[in-house]
Number of protein chains: 2
Amino acid sequence: MGRFRFTITMSLDGYVAGPNPSLEHPLGEGGERLHEWAFAVRTFRQAHGMEGGATGPDDDVAAEWLEDIGATIMGRRMFGGGPGPWGNPLWNGWWGDDPPFHTPVFVLTHHAREPLEMEGGTTFHFVTDGIESALARAKDAAGGKDVALGGGAEVAQQYLKAGLVDEMEIHVVPLLLGSGARLFDNTDGRQTAYRCVRVVSSPSVSHVKYRRAA
Amino acid sequence: MGRFRFTITMSLDGYVAGPNPSLEHPLGEGGERLHEWAFAVRTFRQAHGMEGGATGPDDDVAAEWLEDIGATIMGRRMFGGGPGPWGNPLWNGWWGDDPPFHTPVFVLTHHAREPLEMEGGTTFHFVTDGIESALARAKDAAGGKDVALGGGAEVAQQYLKAGLVDEMEIHVVPLLLGSGARLFDNTDGRQTAYRCVRVVSSPSVSHVKYRRAA
């Protein structure tokens, strides 16, 4: 049986996005600095159609993460296109014709929409009946492989609070954002059920992996 | 001119003490687990009159921290003895006759009290006119050496918010406490003025040092 896991990059002061997210700064002001480590490594660059990139521990962690993912879940905000009903022309995600998921992707939304098939094996399914339903459908689609939670913070919080996450890997960067979206907020402290199973550190980021205690 | 610096150990979810602090658990429930790394290293053990302890990167960081401290500031809660007026018999701190500071220590309190001279060079001064006054007196007493902020979280927040901290080193342990006292709360985001100048990581803790940008 596959695991349900999520990974997210967090500033040392606890934020996974900066303040005042906008079209220009979808990750909030300063938020893109969170992901500098990821944009520097080969695996992430390849997955997003970019050349080059470093190998080493950060890249190893990124590569390990992508293994065995059979389906993906994400929030509407991460899929993008603004809040509210779907506009015209329809928003098809940030990622162009060939998104980097290559799996079925279940987008949590309040606004129903037909599935959207992209190139490279990514099909977006729009789920309007809640996080449990999205997880059940994703597990079904994953066929025994793992289900990855793409983000963002609010969705991660909801799944944590519901006790549904099997594993999480937090990438802590030594950046202080000061405000924005906190990961460990509105979780009822459910994160205490997780035990650290591995730490990999480089000068730019600490990758800390947790698993739910049995 | 000496710097004003503080160091504190924080759980990965942002807490520097656990929930429900009590006499039995002065660092809150689960809070003592934050400091397991410190109790394991030689420098910390020596400073607290204990034998043995590991050497290595965690010990090096602890030893470096203790260099060049000419005075210490701490909050009333860290000094202890409960809230409110000083009782009878007078509380003289958690640390016995020879506290591990070996410098003048300025205790922030609302309740005046005569200075308390201990063995080994530690004298506790009780400061009732606020954080700026305590810092001015500590700098004066330090004679050009550094002033260290002992804690706790609330006092660190006040000094951060006032923009008075020159340097801070956060020891992040891969522990999830779920609730308690957050370090980066009530700081008006003033931590964004700091830049990471060094990261030292071991499997049990990441030591991240920040300096205020010029």
Please verify whether B:Val173 is open to solvent by 40 Å² or more (accessible area, probe 1.4 Å) and either in contact with a Gly (Cβ under 8 Å, 6 or more places away or on another chain) or at pLDDT 95 or above (or both), treating the condition exactly as stated. no
Picking from B:Gly144, B:Gly84, B:Gly80, which residue would you name as being modelled with pLDDT under 95 and within 28 Å of B:Ile170 (Cβ to Cβ)? B:Gly80
Filter the stretch B:102-126 for residues that are open to solvent by less than 80 Å² (accessible area, probe 1.4 Å), free of Cβ contacts under 8 Å to residues at least 40 places away in the same chain and part of a strand (DSSP E or B) and give the result. B:Pro104, B:Phe106, B:Val107, B:Leu116, B:Thr123, B:His125, B:Phe126
Given the conditions (1) open to solvent by 30 Å² or more (accessible area, probe 1.4 Å); (2) assigned to a strand (DSSP E or B); (3) among the aliphatic types (A, V, I, L, M), and given that A:Leu164 satisfies all but one, which numbered condition is not satisfied? (2)
Which of the residues spanning the stretch A:143-161 are under 26 Å from A:Glu32 (Cβ atoms) and outside any helix (DSSP H, G or I)? A:Ala148, A:Leu149, A:Gly150, A:Gly151, A:Gly152
Do the conditions hold for B:Ala142, that is, is it within 14 Å of chain A (Cβ to nearest Cβ), buried (at least 19 other Cβ atoms within 10 Å of the Cβ) and either of a type in the set (Lys, Arg) or under 19 Å from the mean Cα position of the chain (by Cα) (or both)? no
It is to be established whether one or more residues within the stretch A:180-189 are modelled with pLDDT of 95 or more and closer than 20 Å to A:Ala71 by Cβ. no
Out of the residues in the stretch A:4-24 that are within 13 Å of chain B (Cβ to nearest Cβ), touching an Asp or Glu at 6+ places or on another chain (Cβ under 9 Å) and farther than 23 Å from A:Glu132 by Cβ, state the one that is modelled with the highest pLDDT. A:Gly14
Exclusive hit being in contact with a His (Cβ under 6 Å, 6 or more places away or on another chain) and more than 27 Å from B:Lys209 (Cβ to Cβ), set B:Gly120, B:Gly96: B:Gly120
Tally up the residues in the stretch A:83-106 that are closer than 25 Å to A:Asp140 by Cβ and of a type outside the set (Asp, Glu), please. 12
Taking the stretch B:176-207 only, how many residues are in a loop (DSSP other than H, G, I, E, B), of a type outside the set (Asp, Glu) and either buried (at least 22 other Cβ atoms within 10 Å of the Cβ) or more than 7 Å from chain A (Cβ to nearest Cβ) (or both)? 10
Of the residues A:Gly52, A:Gly30, which single one is out of contact with any Cys (no Cβ under 8 Å at 6 or more places or on another chain) and within 14 Å of another protein chain (Cβ to nearest Cβ)? A:Gly30
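Got a number for residues in the stretch B:40-49 being out of contact with any helix residue (DSSP H, G or I) (no Cβ under 6 Å at 6 or more places or on another chain) and in contact (Cβ under 8 Å) with a residue 12 or more places away in the chain? Full working, then the answer.
Filtering the stretch B:40-49 down to residues out of contact with any helix residue (DSSP H, G or I) (no Cβ under 6 Å at 6 or more places or on another chain) leaves B:40, B:45-49.
Then keep just the ones that are in contact (Cβ under 8 Å) with a residue 12 or more places away in the chain; that gives B:40, B:47-49.
Qualifying residue count for the region: 4.
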Residues being closer than 24 Å to B:Gly18 by Cα, surrounded by fewer than 17 Cβ atoms within 10 Å (Cβ to Cβ) and modelled with pLDDT of 95 or more: count how many of those fall in the stretch B:37-73. 0
When every residue in the stretch A:1-13 that is under 30 Å from A:Ala142 (Cβ atoms) and of a type outside the set (Ser, Thr, Tyr) is compared, the one surrounded by the fewest Cβ atoms within 10 Å (Cβ to Cβ) is A:Met1
For the list (1) surrounded by fewer than 16 Cβ atoms within 10 Å (Cβ to Cβ); (2) away from every other protein chain (no Cβ under 14 Å); (3) of a type in the set (A, V, I, L, M), I need the number of the one condition that B:Ala134 fails. (1)
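The values are calculated or read from the model by the stated rules, or taken from the named source; none is laboratory data. What you see is a predicted model, and the numbers here were worked out from it, not measured in a lab. Positions of Cβ are generated from backbone atoms using ideal geometry, with glycine treated the same way; all protein chains shown enter the neighbour counts. Side chains are part of the model used for accessible areas, which takes the heavy atoms of the whole protein and leaves out ligands, DNA and RNA. Shrake-Rupley method; radii C 1.70, N 1.55, O 1.52, S 1.80 Å.
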